[in-house]
Amino acid sequence: MKKKILLLSLGWILVSLILAGLTFNMALGAYPERPINYIICFNPGGESDLTARLQQPLLEKVLGVSVIISYKIGGGGALGWSELVKAKPDGYTIAGDNIPHIILQPLIRKETGYKTEQLKQIYCFEFTPDVLVVKNDSPFKSLSDLLDYAKKHPGAVTLGGSGSPSANSLGVAKLNKEAGVDITYVPFTGSAPTIPALLGGHVTGLMSYSTMAIVYKKKLRPLAVASEERFPALPDVPTFKELGLNVVEGAWRGVAAPPETPDEIINILANAFDKVCRDDKFVGRMEAMGFQVVHWGPEEYTKFVQKKTEEYKKILKELGLLK
Amino acid sequence: MGGKNHPFSHREGKMDGNIYITALTNLLNIKILILIFLGAAGGMVAGALPGITATMSVALLIPFTFTMDPIAGLVTLGAIYCGAIYGGCFSAILINTPGTPSSIGTCFDGFPMAKQGRAEEAIAGATTASVVGGIFGTFVLLFLSPFLADQALKFGPPEYFWLGIFGLTIIASLTAKSIIKGLIGGMFGVLLSTIGIAPIGGDVRFSFGQPALQGGVSLIPALIGFFCIPEVLNMIGTAHKITQRIPLSKKRKGVFLSTAAKVLKMPVTLLRSMIIGVIVGIIPGAGGNIANLVAYNETVRASKHPEKFGTGMLEGVVSTESANNAEVEGSLVPLLTLGIPGAPPAAVLFGALMLHGLRPGPELFAVHTTFVYTFIISLFFANIMMLFIGIFGGRMMARAISATPVKLLAPFIVFLCIIGSYAIRNQMLDVVTMFGLGLAGYGLKKLGFHPGPIVLGIILGPIIEEGFVQSLLIGKAWTIPWTIFFVNPISVILIILCILSASWPFVSPKIEKIRDNLAKARRMKRSES
C-alpha cells in the first residue's frame, strides 16, 4: 500500500515537472503566434514610417506572423512611448524609438509619461548623422568659409533644423562651442519645412540629417558631416572631426519593448530584426535614402543609450536646459 | 528660371504632343480605370466619415499599393486624395460636421441648406464645384508647375506669420454680427493650440501634469466636438417639436442638372476660389485646411449680399468646395517639381513614391517624364469619376440620412464621432476632448459664439507662433530685428490683404452707401433727361 502511494506521488511529481517544463517551452517556443503591433510615433510618410514599412514584409517572413504598423502620434513621440511602457510585456507590442528624443524628452520635460530606462531596447538599425548643408549656389564653398563669415558677423549666420531640442539643435550648439562662433539655430517642426526655407534663401544653411542631404543632393552642398568617419554615401564630404571640430551628433533609430518584456522574447525579436537589417535589398534601399545601417543588439543598444544619456546630461547642463 | 536646372529644360526644342498621348494611352487601360474609380469612391467614403482625414486615407492604403507597379499605385493614391477631399462635403452638409478639415467652410452654408430641405441641391453644388476645382487644379499642375513652385519658395517665416494673421482676419467676415465675440472665439482657439509642446524650445505648456496632453488638442476631435455635438444636442432637444427627420426636398427631377447649371453660372466665384485653393496648396506648410475658409471669406466680401451667407447660399458651398479640390492639385505642384509636399496628404504621397524607389523632385520629371504626366492626367479621370459617383451616391446618401428618424440618427452620429476622434491618434484623450469641447461648443453657441473662429484659431495658432519666433530668430542678423516682417514684397502684399480683410466689416457698409448714392444720382439724372 505504502509503496503504491510512494510510486504514485513520485509519478505525479514527475508528470508535473514534465508538464511544467513543456508549458514553459510552449510559452516561449510558441512566440510569436499572433500578429505583432509595431507602433510608429511619428507621422505617416515620414522617415520612421518609411523604415518600418521597408522592414515590415521581411519581418513577417522571418517571424511568420503579421506585423501591423500603427501610429500613436504626438508630443514628438512622447505619446507613443508613454503608451508603450504601459503596454503588456508579452512581445506583441513594440515601438520604433529614436535617439536623442527618448533621452532628451525626460531630461527636459516634467511629465513625459515615460522614462528613458523604461524602454527595453531590442535593436538599433540606423544612424543618420547631422550634415551641415548650404544651397548649391551659396558663396560658402567650405566649412571654413562659413565659420570665417560667422566669426566676422556674430548672429548673422542662421542654420535651420528640425526640432528643439534635437540632434540638429545640439549639433549647432556643439559647433558654436567648438568653433567659438555665434550661429543662430532656427527650429522647424520636422525636416520637411527646412528645405523650402533654405531654397528660398530664408536661412543661410541647415544643420540637417544625411537623409535630406541625399534626397535633395542636386540642390544642396554639404559642407561637413557629424560622424566619426566619412559617411559612405557622401564620400567627398569631410567630417567635422577631420576639420578639427569635435562635433559628432545625429539621430539613431531602433525598436523597443515595454519594460518587463522577457529577455527570451527580446532576443527572438532582435534576431529577427538583425536578419531583416542584413538583407541586401533592405540595406540598399536604406542607403539610397541616406541612412547608414547599423546592427546593434539589445546589450549594445542599451549601453549606447546609457552613454548618450550621460553625454546629453552634461551638454544640457551647460546650455541651462536641464529641468 | 529656365536654364539647366529647370525641370523642363530637357524638353527644349522638342514638341511635346507625344507625351500627352503616351500618358493617355497608359491610362486607357481597364485595370487602371478601375483602380481610379475604386480610389475615388473609397476616398469619398473615407472623407465623408468625420475623423478619417485625407492624410489617413492615403496612408492606410499605401500597403495595398506595394503589390502594384508604381504608376498604378500612385494613380490610386492620387484618386483617393481627390476623393477624400471631395467626400468631406457630405457630412458637412448633412450633419454639420466637416468630414475633413478642408470642408469646414462647407458647413456654414451647406448645413443650413440641408435644414431647409435643399440637401440634394447642396450636394449637387458641392459635387460640381469640387470637380470643376479639381480639373482647374490639374490644368495648373500640368502647365504652370515650375513657375509656381519657384514662387512658393519665396515664402519664408515672416510670410507664414502674415498668412496666419490674414487667416485670423477671416473671423471678421464670419462673424460680422458680433466681431468681438468672433475675436474672443479666435483667441480662445489660439490658446487651445498652445497646449502641448512649444514648437520652439520644446517646453510643455498647459499639460496640467497629464502626459497625454503633451500632444495638445488635436484638430479633428476639436472639429468634431465643436461642429457636430452641438447639432446633435439640438437635434435631440427639438425632436419632439418638429418632424422627426431632416427634411428632404420633394422628389424633384433634375435637381443635379439645374444646380450644376447654376454653379457654372458663377464663373467669378469659381475662378476666385480655385485660384485661392491652388495658391494655398502650393505654399508648403500653409496646411491646405485654410483654402476653403479663405475662399469663403473672399466670396463673402465680394458679394453684394454678404449678410445672406450662413443662411444657405449655394455660392458659399461652391466657393469652399472648389477651393479645397483645387488645393489638392496645388499641393502636388511643389511635390512633383521640388520634392517638397504642399500639404500632409502630399507628404504621404512623397513617402509612397520613396517606397517605390522614386524620388520626387526635378529628377523625377526629367528621368520619369511619362510617369509624372500619366499621374497628373490620371487626376482628370479621378475628378470625372467623382462627378458620376457624386450624382448617384450623393442623392442616395441625402435620402438615407433624411429617412432616418432622429432617435436612430443621433446615436449613429455620436458613434461616428467617437470612432473618428479615436482613430486619429488612438488616444482616449481625444474622445474626451471631443465631448468636452462639444459641450463647451453647445454652451458657447447659445451665447453667440460661432465655432468657426475657434477652429480657425486652433489651426492658425501654430502657424502664427512658428512664423513669429522663427522670424525673430532669423532677424537677429538684422540691425533692427523687427524689420524682417516688412521687407519681403510678399509680406507687404499680405499685410495689405490683412488690413483690407480686417477692416471690411467696417468699410463695406460705407462702400454700400456710396454705391447706393451713385445709383440714386444716376436714376435722378435719367428721370430728368
Share (percent) of C-alpha pair distances in the protein assembly as shown greater than 39 Å works out to 42 percent
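Subtracting the Cα-Cα distance from 0.36 nm times the residue separation, let me have the gained length for B:Asp203 to B:Lys115 in nm, one decimal. Kindly include the intermediate steps, with their values, before the conclusion.
Details: separation 88, 0.36 × 88 = 31.68 nm, distance 4.53 nm.
Separation in residues times 0.36 nm, less the Cα-Cα distance, equals 27.2 nm.
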Point-to-point label distance, B:Lys31-B:Glu528, nm (Cα→Cβ direction, 7 Å offset): 7.9 nm
When a/c is below 1.5 the answer is rounded, else prolate if a/b is larger than b/c, else oblate, so apply that to the range A:23-106 with a ≥ b ≥ c taken from the square roots of the Cα gyration tensor eigenvalues. oblate
For A:183-192, mean number of other protein chain Cβ atoms within 10 Å: 5
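In nm, what is the difference between 0.36 nm times the number of residues separating A:Lys303 and A:Asn246 and their Cα-Cα distance? Can you show the working numbers first?
On the way: separation 57, 0.36 × 57 = 20.52 nm, distance 2.16 nm.
Full extension from A:Lys303 to A:Asn246 adds 18.4 nm.
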Could you grab the relative contact order for chain A? Cα pairs under 8 Å, six or more apart, rounded to a whole percent. 24 percent
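Counting only helical runs of four or more DSSP H residues, what would the 222 nm mean residue ellipticity of chain B come to if each run contributes -39,500 (n - 2.57) and the total is spread over all its residues? Walk me through the intermediate numbers first.
On the way: 21 runs with 382 residues, N = 529.
Helix contribution divided over all residues of chain B: -24500 deg cm²/dmol.
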Run the helix sum for chain A: -39,500 (n - 2.57) per DSSP H stretch of 4+ residues, divided by residue count, reported at 222 nm to the nearest 500 deg cm²/dmol. -14000 deg cm²/dmol
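List the chymotrypsin sites (Phe, Trp or Tyr not before Pro) in the range B:117-210 that DSSP assigns to loop (not H, G, I, E or B) and whose Cβ has at most 14 other Cβ atoms within 10 Å. Which are they?
Numbers: sites: B:Phe136, B:Phe139, B:Phe143, B:Phe147, B:Phe155, B:Tyr160, B:Phe161, B:Trp162, B:Phe166, B:Phe188, B:Phe206, B:Phe208; in loops: B:Phe155, B:Phe206, B:Phe208.
Passing both the DSSP loop test and the Cβ count: B:Phe206, B:Phe208.
I'd like the FRET efficiency for A:Ala30 and B:Phe415, computed as 1/(1 + (r/R0)^6) with the beta carbon distance as r and R0 of 35 Å, rounded to 0.05.
Values: r = 37 Å, r/R0 = 1.05.
Using R0 = 35 Å, I get an efficiency of 0.40.
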Between B:Lys177 and B:Phe392, the two model label points (7 Å from Cα along the beta-carbon direction) sit apart by a distance in nm of 4.2 nm
What shape does chain B take by its C-alpha gyration tensor, where a ≥ b ≥ c are the square roots of the eigenvalues and a/c under 1.5 counts as rounded, a/b above b/c as prolate, and the rest as oblate? rounded
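Restrict the search to the range A:96-133; then list the trypsin sites (Lys or Arg not before Pro) that DSSP places in a loop and that have at most 13 other Cβ atoms within 10 Å of their Cβ. Walk me through the intermediate numbers first.
Numbers: sites: A:Arg109, A:Lys110, A:Lys115, A:Lys120; in loops: A:Arg109, A:Lys110, A:Lys115.
Those satisfying the criteria are A:Lys110.
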Less than 21 Å apart at the alpha-carbon level, and either on another chain or at least 8 residues along: which lysines does that give for A:Lys313? A:Lys110, A:Lys115, A:Lys120, A:Lys174, A:Lys177, A:Lys303, A:Lys323
Taking θ = phi - 60°, what integer Hz values does the Karplus form 6.51 cos²θ - 1.76 cosθ + 1.60 yield along the range B:42-53, in sequence order, with x for Gly and Pro? x, x, 4, 4, 4, x, 6, 7, x, x, 9, 8
Report, to the nearest 10°, how far helix A:298-319 tilts away from the longest principal axis of the Cα atoms in chain A, using its own Cα long axis and a range of 0 to 90°. 40 degrees
Amide H to amide H, which residues 5 or more places from A:Thr93 or on other chains are under 5 Å from it, using H placed in the peptide plane? A:Asn37
Using amide H atoms built in the peptide plane, which far-off residues or other-chain residues are under 5 Å from A:Val67 H to H? A:Ile36
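When you look at the Cβ of every residue in B:427-433, what mean number of other chain Cβ atoms sits within 10 Å?
On the way: counts 5, 0, 2, 1, 0, 0, 0.
That average works out to 1.
Can you compute the FRET efficiency between B:Ala400 and B:Ser258 using 1/(1 + (r/R0)^6), with r the Cβ-Cβ distance and R0 = 30 Å? Round to the nearest 0.05.
Working: r = 22 Å, r/R0 = 0.74.
After rounding to 0.05, the efficiency reads 0.85.
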Find the eigenvalues of the gyration tensor of the Cα atoms of the range A:178-273, then list the square roots of 5 times those eigenvalues as equivalent ellipsoid semi-axes, largest first, in whole angstrom. 32, 18, 15
By a straight-distance test (C-alpha under 17 Å), which lysines pair with A:Lys219 as possible cross-link partners, with residues fewer than eight away in the same chain excluded? A:Lys135, A:Lys141, B:Lys4, B:Lys154
Any lysines with Cα under 22 Å of the B:Lys304 Cα? List them, leaving off those in the same chain fewer than 8 positions away. B:Lys177, B:Lys262, B:Lys265, B:Lys510, B:Lys513, B:Lys520
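How high is the FRET efficiency between B:Phe143 and A:Asp274 when r is their beta carbon distance and R₀ equals 51 Å, given to the nearest 0.05?
Values: r = 50 Å, r/R0 = 0.98.
According to the calculation, E is roughly 0.50.
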Work out the mean other chain Cβ neighbour count within 10 Å for the residues of A:74-85 and drop it here as an integer. 5
List the residues, sorted by chain then number, that are 5 or more residues from A:Tyr209 or on another chain and whose placed amide H is less than 5 Å from its amide H. A:Val131
Less than 10 Å Cβ to Cβ from A:Val65, Lys/Arg counted +1 and Asp/Glu -1: what total charge do the surrounding residues give? -1
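A short reminder: the numbers here are calculations on the coordinates, not readings from a lab. It should be emphasised that the depicted structure is a prediction, and the values quoted were computed from it without experimental measurement. Counting neighbours? That spans all protein chains shown, and the Cβs are built from the backbone with ideal geometry, glycine included.
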